[in-house]
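The values are calculated or read from the model by the stated rules, or taken from the named source; none is laboratory data. Just so it is clear, the model here is predicted, and its values are computed rather than measured. Here the Cβ positions follow ideal geometry from the backbone for every residue, glycine too, while neighbour counts run over all protein chains shown.
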Amino acid sequence: MSRLVQKSPSLCTDLPLNNSDVCNKLRLLKELLKSCYGPTGRLKQVHNNIGGHVVTTSTSSVLLPALSSSQPLVNLIRSCILNHVSRFSDCGLFAAILCLTLIEEAKLSGLRRNVSIKVNKHLLGMCSSYLQEEDCGCRVVLDFCSSMNLITLTRSVIYSKPACVLAEVEALHMSKLAVQAFLLTVPCNSPGTVRLGRIVTVGVEGHPVLNSAVLTGLLVEVHDHLSLRMIKSMQTNPLRVVLFSASLAGDLSDLGDGIIEAHTGVDTDSQILDQLLEFCKHVVEDEVKLFVCQKVLHPVLQQYLRNHGVIVIDRVGVALMEPLTLLTGAQPVATLHTTIPAKAYGTVRSLSVKEFGSKTMLHLQPAAESAVCTMVVCHRNETMLSELKAVCQQAEHVLRLTLKEPSALLGGGCTETHLAAFIRNKVRFFTSLILLVIYLFITVKNTVIPSQSLNEVSQTLTAVECSQSEYLLGVEGFCRSLESVAAALQHDGGNSLTDLTHAHHWTLPADVTTENMEESLTFCGCGLTRNSPNMKWTHLNTKYPQFSPAPALRDSTVQPHVLDSFTAKLNALQVAVETANLVLDVRYVIQDTN
Amino acid sequence: MLGSTIINHQQHVGLQKLSALAGLAHSFLGPNKKYKFIQDDTSGESVMVCSCFRILENLELTCSVGQLIYETVRAHQKVHHTGSGCLLFLAGVWSRVALEFLHRGIPVASIILAMSEGMDICMDVCRKSSVSIDNLDMEHSQSSTALSGLQLSKEPIKDTSQAPHQSKGTINVGHKSLKASAQRKIKLSRHFCEPKSENMSTEFQNPQPKLLDIAHIAECLSHGCVEAMNLVVECSRIQSKSSQQDSTCSKFNVSKVMTCVLPGLPEEEACTVQGCILLLSADQASVAHHLKDQLLKVVLIDGDLSGTYRHLGFKRLSGIQFMSEDTDLSSSSKEENWMEKVITTLMNLEVNLILISGLVGEKVIQRCSSHHILAVEKVKVSVLNAFADSTGAVPVTYVTQLSKSCVGAGVKLVIWRDLSSYKRKSSLAVNISTGRNIELVTVVVTSCIEGKLQALEDQFWTCAYRVHHALKDRALLPGAGVMEMLCAHHLQNQAERDPPQQTKAAAANPYRSVVLHHMAEGLIDYISTVMVNTGKFSKLQARTAVNQQLQDCNKNLGGAAFFSPLFSEAEKKDRLISSPVRSTNPPAVKVYDNLSVKQEAWRKALDLVFLVLQSDAEVITGIDQTEAVQKNLMLL
């Protein structure tokens, strides 16, 4: 019998962005994420209030999944950013902060929503094409002949997460390891399509960071000491390996919802076990020496295999299966209904036992060249270790992205301020051009105006469908949003400045007065430009005369200290603007409250 | 639904919580510990605790900082079994220090930078002042031969010509002419231990590594727990004897030690027994009497001994229907079938003893007993492994797996003690061992007060692990507050000086000096709290005494500070030992601390402070609206 409950009507919010509750929530989300941003960002302690595990983090990929809300708009933004993070790993916080600031600026400007949306879209196009230009002032082309830029890029990713609590030396060590591991995944001499290998990250708690290491081959944790004893007495010849992805626990877990009918006298368990034993007999006959199972292996089978000199590793987990197939060349056996074909077996060159802290692991070395390696990440406690592991994986992803697009963007907020200055300058050029047209039209009546520029101007204004003043207002909001992301890097009450030559980002500590300002500014955020006598600064978010930001002089001795992933940041910029536009476009929110 | 609370307004609530919770640790510091009662108001139950770990375990803290503290302490306790109090206390003082800096408006990044540097200084001082246990041992043997009431001449460590030797880490253990004081050399690093034998002159080279005297090391590490430490020494003696057939005390394998808790007996009856002491019920007792003093055959079962038990990861079939023509077999007869099979298997293999890591039903035990088979449940896996090693038995999960090759032989059962007069659940304690060659040692912890047993057991493990870590590190730190004093002294000195050149980031940190000074204050606070806990000092007296010592130290060093830091340390140590802090102990015994444990505890304490210091908000998941309003949370 079903119970009837009266359905409550759906809840409809008209113009959600005019609703103060919604705005408060968006602002809270913005503040929460803004305070996490950058190397001096603040951490968040995520827990469930009933004594569950506490996660201390400032990483968007860990934090955002925990931030579910009752407000659909918040969830919309969250899922857009998470989607970006899952594809690019980096720049999640950048995208989120920019998106939320754009929404706020659009509200503050008082512009019609569709005007804001169009201006944003137009400026996004302007930024994207500028960033991809040859002479873009904030892009660095990566040189694969030297590992220096790669290490800088990795270091920027690793150093931006304060929950790792890394000293400078430790951050550098980890960056070098990450680059080394990445290089190991690039196969050296395989013809045809190159397929990148895999890095398996193993965390070891309670050891100093500097003990972290990269090893070729794979480390697999072994739980029982019977196998370990066998390995110690084993000679190191190439060993035949079989990989099982099917469960060998002796149950029928893949039965689904079906029903089996059996006679009472039938002992299903022992019948299944007999089948499995038969299976193992074949494996032993085929001279397999290493038996790896993703899931549980029945104790009787373990005993049988061990008695026949086979080393057994079970419960390796799904994450290790792909690296294991890459390393051994074996094909995972997923069914027990046919005999194992000979080509499904793989080989390993040697086995040895490695101990890291409390963990005892089996080291599998590949028989042939293989692009699989293991990164052992050590840290003093669990919280820092899990953050460091996440960051290392993030760094690996960022490095892979450089293979598609071998460039990087200046970090430390310099790209944002530079872009803002670029947009302002370009827009001023537009508007002065319009004035010129009008002037010429009135005075001379019959002149030749550079038609190309005119076209551009008219196209812009018709595309945006707004007046010139509206356009300028929208542009200002966009630039301010970009600059406020750069300013969000500062958390200790310091000031954010930009110089009037290259439009890079500079930070001024809170306790420095304006008089001795010039001494305390030595390098900009990315480290590419340094203080020079005739340099002028202005505070961010103040009006400054427009200028064309000059690209920093490419002196080979000066290298940027902070680099961001080009691909990730460009996509983050797009995601941020498009999400903001989507949110600005929402007219009604209808919630089913049942 | 999700709530969020901002921790970091002007007052950093997280740090305040940390320092408040760390207050719990105060009375657990030092050798004179005081018990605390934790009472549950709703159930009226109470627990008596005597260590930081146990108090946190019983408090069920729900705030995120509390959770973080508990996780940190638990992780430390799991590995080290000692030093949790030190960890929590220092986390508390240093969080207060950090809070103070925040009030002064020092940026978080600068605090972290300077405090990390301070920690590096402390770690360095610890490394440099560590004493090799080999040297400790020598000193002891010499001093015990010269025990005719004469004061040992404490000369300063030799002349400067020895300095290069020391820096290479050579330790001339076999040098005849060295005086007692010269043997107590301070190693520069424990990592320099390895090339020792190469550098030693062949003339005096000892082909065998010198056997350590654990009894002496244990004495230095007892920290007031003399009874518990005696049990540890006894364990070591038994283990050494079983492997070397002599009466020295040079081996200690903590993984082969187990404890057995016996309530109702006076505390003096605590003892150490070779073999494995198991408590048996009345049913089992009769079998035990039958089996005593025979050589038994044993099988080891890793899991439960029951017909329905399946190994870990086995999923039971849900969609199965049994059809039958005749009357359905009831589950009891199924059980009976299984039982029959088990007994037959065991009888065929002539098994007398089954050790089971999981549970066994009452019925099964009785049934086994009737066939003169003793089944003992809840045996630790480490014990199973020890028996597997010494008898050749192979642990199995199911009885059906058993074959001749899985059965171990040569186990002896001795009635250890009849407890039937105490009217307890267990009526008999038996000792199961494999003769003399088993390293397994059981420590029987007894007390008339049942609530105290846990604390006594913890105390034993603390002592056992102190010795274990000392043997693992091969080095110790001067204890009784000397190490903290030294570190405080170095921190203060460094604070006055300019930072070393290699840390150019630190050069730009204008707050370095003040932060280092405050870190030193934290350590001084630690020493004075330990002194207060002895009951002989007021807080003020303790602080003045410590500050006086530090000042003296500075004065004596003068310009020679750079010249011989080792000398000053050695001398200071002598002086401090004679200070009234340890006057309760006989003066001959020096107090030492574990090197790695102390370093780890300090590091973890500071890491905890860093994590909390950098946190500015708590994100609480799965909270509902009313709760959020009550707690004044912001809802997202």
Counting only residues that are surrounded by 14 or more Cβ atoms within 10 Å (Cβ to Cβ) and more than 18 Å from the chain's Cα centre (by Cα), how many does the stretch A:552-578 have?
7
So, in the stretch A:263-292, how many residues would count as being part of a helix (DSSP H, G or I), within 11 Å of another protein chain (Cβ to nearest Cβ) and of a type outside the set (S, T, Y)?
3
Neighbours by Cβ (under 7 Å, 6+ apart or cross-chain): first from the stretch B:341-364, touching a residue at least 40 places away in the same chain (Cβ under 8 Å) and buried (at least 21 other Cβ atoms within 10 Å of the Cβ); second assigned to a loop (DSSP other than H, G, I, E, B) and hydroxyl-bearing (S, T, Y):
B:V364/B:S306
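Restricting to the stretch B:75-90, give me the number of residues that are assigned to a helix (DSSP H, G or I) and more than 10 Å from chain A (Cβ to nearest Cβ).
Going through the stretch B:75-90 one residue at a time, the tally reaches 8.
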Among the residues of the stretch A:144-153, is any within 21 Å of the chain's Cα centre (by Cα), assigned by TED's automatic domain parsing to the domain that holds A:V475 and within 20 Å of A:A572 (Cα to Cα)?
no
Qualifying residues in the stretch A:309-321 (those that are in a helix (DSSP H, G or I) and surrounded by fewer than 14 Cβ atoms within 10 Å (Cβ to Cβ)) - the one farthest from the other protein chains (Cβ to nearest Cβ):
A:A319
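Given the options A:T507, A:T579, name the one that is touching a helix residue (DSSP H, G or I) at 6+ places or on another chain (Cβ under 6 Å) and among the hydroxyl-bearing types (S, T, Y). Talk me through it step by step, then tell me what you get.
Numbers: A:T507 fails: touching a helix residue (DSSP H, G or I) at 6+ places or on another chain (Cβ under 6 Å).
Result of the check over A:T507, A:T579: A:T579.
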Have a look at A:A503, A:A488 and point out the one that is of a type outside the set (S, T, N, Q), buried (at least 22 other Cβ atoms within 10 Å of the Cβ) and over 14 Å from A:Y544 (Cβ atoms).
A:A488
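In the list A:L15, A:L26, A:L4, which residue meets the criterion of being modelled with pLDDT under 90 and either under 23 Å from A:I590 (Cβ atoms) or in contact with a Gly (Cβ under 8 Å, 6 or more places away or on another chain) (or both)? Please lay out each step first, then the result.
Values: A:L26 fails: modelled with pLDDT under 90; A:L4 fails: either under 23 Å from A:I590 (Cβ atoms) or in contact with a Gly (Cβ under 8 Å, 6 or more places away or on another chain) (or both).
Answer to the selection: A:L15.
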Take A:R195 and tell me if it is surrounded by fewer than 19 Cβ atoms within 10 Å (Cβ to Cβ) and not in a helix (DSSP H, G or I).
yes
Just one of (1) within 14 Å of another protein chain (Cβ to nearest Cβ); (2) assigned to a helix (DSSP H, G or I); (3) within 27 Å of B:H490 (Cβ to Cβ); (4) out of contact with any Asp or Glu (no Cβ under 8 Å at 6 or more places or on another chain) trips up B:A109, so point out which.
(4)
Output yes when any residue across the stretch A:322-340 is farther than 22 Å from B:G313 by Cα, in contact (Cβ under 8 Å) with a residue 24 or more places away in the chain and assigned to a strand (DSSP E or B), and no when none is.
no
For the stretch B:98-106, check the following and say yes or no: at least one residue is hydrophobic (A, V, I, L, M, F, W, C), surrounded by 23 or more Cβ atoms within 10 Å (Cβ to Cβ), over 16 Å from the mean Cα position of the chain (by Cα) and within 14 Å of another protein chain (Cβ to nearest Cβ).
yes
Within the stretch B:29-46, is there a residue that is outside any loop (DSSP other than H, G, I, E, B) and either touching a Gly at 6+ places or on another chain (Cβ under 8 Å) or buried (at least 18 other Cβ atoms within 10 Å of the Cβ) (or both)?
no
Single residue of the stretch A:233-258 satisfying the filter (at pLDDT below 75 and within 14 Å of chain B (Cβ to nearest Cβ)) that is surrounded by the fewest Cβ atoms within 10 Å (Cβ to Cβ):
A:D257
Take A:L124 and decide whether it is part of a helix (DSSP H, G or I), within 14 Å of another protein chain (Cβ to nearest Cβ), within 19 Å of A:E483 (Cβ to Cβ) and at pLDDT 90 or above.
no
What is the one condition in (1) surrounded by fewer than 16 Cβ atoms within 10 Å (Cβ to Cβ); (2) within 30 Å of A:L196 (Cβ to Cβ); (3) within 8 Å of chain B (Cβ to nearest Cβ) that A:K295 does not satisfy?
(1)
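Specify the residue that is nearest to the other protein chains (Cβ to nearest Cβ); the eligible residues are those in the stretch B:387-423 that are among the charged types (D, E, K, R), without any contact (Cβ under 8 Å) to a residue 60 or more places away in the chain and not in a helix (DSSP H, G or I).
Narrowing the stretch B:387-423 to residues among the charged types (D, E, K, R): B:389, B:404, B:412, B:417-418, B:423.
Narrowing further to those that are without any contact (Cβ under 8 Å) to a residue 60 or more places away in the chain: B:389, B:404, B:417-418, B:423.
Next, only the ones that are not in a helix (DSSP H, G or I) stay: B:417-418, B:423.
Details: B:R417: 32, B:D418: 36, B:K423: 38 Å.
Of everything passing the filter in the stretch B:387-423, B:R417 is nearest to the other protein chains (Cβ to nearest Cβ).
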Suppose the filter is of a type outside the set (G, A, S), closer than 18 Å to B:Q274 by Cα and assigned to a helix (DSSP H, G or I); does B:L384 pass it?
yes
Give me the residue from the stretch B:590-636 that is of a type in the set (K, R), surrounded by 22 or more Cβ atoms within 10 Å (Cβ to Cβ) and under 14 Å from B:C86 (Cβ atoms) and, out of that set, nearest to the other protein chains (Cβ to nearest Cβ).
B:K604
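Considering only the stretch A:1-103, give the strands (runs of 3 or more DSSP E) lying wholly within it that have at least 2 residues that are within 9 Å of another protein chain (Cβ to nearest Cβ) and closer than 21 Å to A:L482 by Cβ.
Details: elements: A:11-14, A:43-47, A:55-57.
Here the list is empty.
Just for the stretch A:491-500: of the residues that are of a type in the set (G, A, S) and within 14 Å of chain B (Cβ to nearest Cβ), which one is surrounded by the most Cβ atoms within 10 Å (Cβ to Cβ)? Give the steps one after another, and end with the answer.
Step one: filter the stretch A:491-500 for residues of a type in the set (G, A, S), giving A:493-494, A:496.
Subset that is within 14 Å of chain B (Cβ to nearest Cβ): A:493-494.
Values: A:G493: 10, A:G494: 17.
Looking at the filtered set, the residue picked out is A:G494.
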Residue list for the stretch A:6-24, filter: under 15 Å from A:A106 (Cα atoms), surrounded by fewer than 14 Cβ atoms within 10 Å (Cβ to Cβ) and touching a Phe, Trp or Tyr at 6+ places or on another chain (Cβ under 9 Å)
A:L15
